[in-house]
Amino acid sequence: MKNLTLRVLCLIVAAILSLALVACNNGTNTPANTTDTEADTKDTEADTKDTEADTKDTEADTKDTEADTEEPPANVGATGLEAIKGTVPTYLSMGKQEHKNLKLGNKYGVVANIGGSFKSINLYTATYDHDNGDQITVTVFAWNTDYETTAAGEAVATLTITGYPNGGWYMITFEQPLPAGEYLVEFTGTSDGDTEHDYGTAIWCMNSSPYFYTYENGVEMDDAGVWAQFIVE
């Protein structure tokens, strides 16, 4: 009987020890699982920071793109020309020099964006026959939409000159300086001399300047600029 009791006690003790061992094992595993969870949380936080960094980079790229696509500066007018100021040649002095006869009714126009007070035009002139009847008329229009519409409007200034040199500069000064704005300046002329030959009152053209458009009888010229200077203060 005693042996049976001892055996039962041994079995009970073994069972209790087994349960205690299982409890200990479970207690040991819990911190490991917690550590794994914390590691996963840190990884998630790191991924979030990377995403935020990528978002900031994207925002920076967007700002750079917006800066690259800003509107043109305010000194570019409706004509698309940049405003000028100072003594500005309406041509580039390279390559060709071509005389343009005015006596038969040809018109040469220069479009400009004037960035200040438009005071005068220094024009390179020609006469060839030195006839006192030679004259050049300068007509200025405020720009409106296109060449045809502008030239059909009312002139804001008109000046006629005589006695200019045959192959030299002549300063044309407005009675009142014109305010800043976009203008079409037209050159026309007449001669009392020979109408059958290619001489008489004339102007000259050279290569075009990026600050002006040049027209011949209402048609824009390809790489040509009137030999003149616009004086703007």
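The values are calculated or read from the model by the stated rules, or taken from the named source; none is laboratory data. Keep in mind that what you see is a predicted model, and the values were worked out from it rather than measured. To get the accessible areas, we keep the full protein, side chains included, count just its heavy atoms, and leave off ligands, DNA and RNA. Shrake-Rupley method; radii C 1.70, N 1.55, O 1.52, S 1.80 Å.
Annotations for the structure displayed:
- 206, 94, 221, ranked by accessible area, largest first (probe 1.4 Å): 94, 221, 206
- Heavy-atom accessible area per residue - the range 158-229, 1.4 Å, Å²: 49 Å²
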